1. At 0.36 nm per residue, minus the direct Cα-Cα distance, what do residue 30 and residue 227 gain on full extension? Give it in nm, one decimal, please.
2. Sorted by mean Cβ packing within 10 Å, highest first, what order do the peptides 210-223, 26-39 take?
3. Quick one: length gained pulling residue 303 to residue 395 fully straight, 0.36 nm per residue minus the C-alpha distance?
4. From the phi of every residue in the stretch 210-224, what ³J(HN,Hα) in whole Hz does the Karplus formula 6.51 cos²θ - 1.76 cosθ + 1.60 yield, where θ is phi - 60° and glycine or proline is x?
5. Size of the dipole of the stretch 137-249 about the Cα centre, Lys and Arg at +1 and Asp and Glu at -1 on the beta carbon, nothing else charged, in debye to 20?
6. For residue 319 and residue 1, what does the FRET efficiency come to when R0 = 45 Å and r is the distance between their Cβ atoms, rounded to the nearest 0.05?
7. So who's got an amide H within less than 5 Å of the one on residue 129, skipping anything under 5 residues away but keeping other chains? H placed 1.01 Å off N, in plane.
8. Under 10 Å, Cα contacts only: if you run a Gaussian network model on the chain, which one of 94, 272, 260 comes out with the highest mean-square fluctuation?
Amino acid sequence: MAHVNENYGKLPGSYLFSEIARRTAAFAAKHPDADLIRMGIGDVTRPLAPAVIEAMHRAVDDLAAAETFRGYGPEQGYAFLREAIAQDDFAARGVSVDADEIFISDGAKSDCGNIGDIFSVDNVIAVCDPVYPVYVDANAMAGRAGDYDEASQRWENIVYMPTTAENGFCPALPEVPVDIIYLCSPNNPTGTVLTRDQLQAWVDYANECGAVIMFDAAYERFIVDADVPHSIYEVPGAETCAIEFRSFSKTAGFTGARCGYTVVPRALVRGGASLRDMWNRRQCTKFNGASYVIQRGAEAIYTPEGAHQVDEAIAYYRANARLIKEGLEAAGYTVYGAVNSPYIWCKTPEGMGSWEFFDRLLNEAAIITTPGAGFGPAGEGYVRLTAFGERADAERAMERIRALG
Ligand SMILES: *Cc1c(COP(=O)(O)O)cnc(C)c1O
């Protein structure tokens, strides 16, 4: 008889988005004419850049003729894309990353989840709290989390690092030994960033104790502040302790098209093994490469025309974020994030819980947000708003919030 992976049975239900949907449906049933504004979505809404679309069309035509047809591509991704990435995302920032340290994939979520394949089950995992849930659940599925405790909403073997206004949204170095540390900057859900100095402390810590940092840079293109690194490899020493995940989803509108990449430096060695070679082996065995058409589309982001068009979409979201931040502040709220990120992390009014504030915005302003508590216990007391919607909706939402008083 087949035995299932019993770790799946320990996973708590994905309560957050189903509960938001339930409360929203209940409100809509009671107020069928209500004009709901959705500010909870973590998905882009602007179309793909014209240069990307044209490149994808040309790639489809390549597949239509015997002379230009492509079958299986390299598991690591095509050289044309890896070399463009090495040049524009790294060399142009003074960082040396070789094309053969770059692995193209169908997105960062898969890579963040799959990277665990090359690590043993007994590693101690550290995550920020609040956190992007994929890091936690993927490790729980692999058996690295132990049992889930409903009361504390925590896994017994995971080390949680509170990341709140009290510590400036920079987690303190753990007091117990940890082996694998997940960091995300610009952060989902808080919209805050880690500066060069803050990241340097983490890199030094990891190199000292042999830990590995999983650095999620999915929102890299939103960075405007000069002291915030776009890549962890801008920080000296990172090449011997960090793996970096990148995604074209939020930065270039690829949430539906699907493409991202992971960097595993050759200098990253643990237990005598090259993590780059292990990841290469893992990908060659379990992955047959991202689509040729999509990789051609991603390559177009690195043309001057494509880069300019992608930056226009980012500027649109950035202006929304600013409008939301200023609107909330004008209404008397304390907000974080929004500057280097499409996320606005809003403190609830004095003493009000995340869900209570969510309900208030839903019932009194018909605005849907995401309760911070859904991202971890330390997210209690905040809600997340996103800048990924339409400008007009952001404007109307802020008018309603102002009217609420
Ligand atoms: C959206 C997101 C990703 C990207 O996932 P894709 O699979 O590339 O779409 C990765 N990390 C974080 C923190 C995200 O919010």
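The numbers here are math on the coordinates, done by the rules we state, and not lab data. A quick note: this is a predicted structure, and the numbers were derived from the prediction, not measured. When we count neighbours, we look across all protein chains shown, and the Cβ atoms used for this are built from the backbone with ideal geometry, even at glycine.
1. Working: separation 197, 0.36 × 197 = 70.92 nm, distance 4.85 nm.
So the chain would gain 66.1 nm between residue 30 and residue 227.
2. Numbers: 210-223: 22.1, 26-39: 13.0.
Taking the mean over residues of other Cβ atoms within 10 Å, the ranking is 210-223, 26-39.
3. On the way: separation 92, 0.36 × 92 = 33.12 nm, distance 3.32 nm.
Gain on stretching residue 303 to residue 395: 29.8 nm.
4. Those phi angles translate into x, 6, 10, 9, 9, 9, 9, 10, 4, 10, 3, 6, 7, 5, 10 Hz.
5. Details: 5 positive and 18 negative charges, 56 e Å.
For this selection, approximately 260 debye.
6. Working: r = 58 Å, r/R0 = 1.29.
According to the calculation, E is roughly 0.20.
7. 161, 163
8. Its mean-square fluctuation being the largest, the pick is 272.
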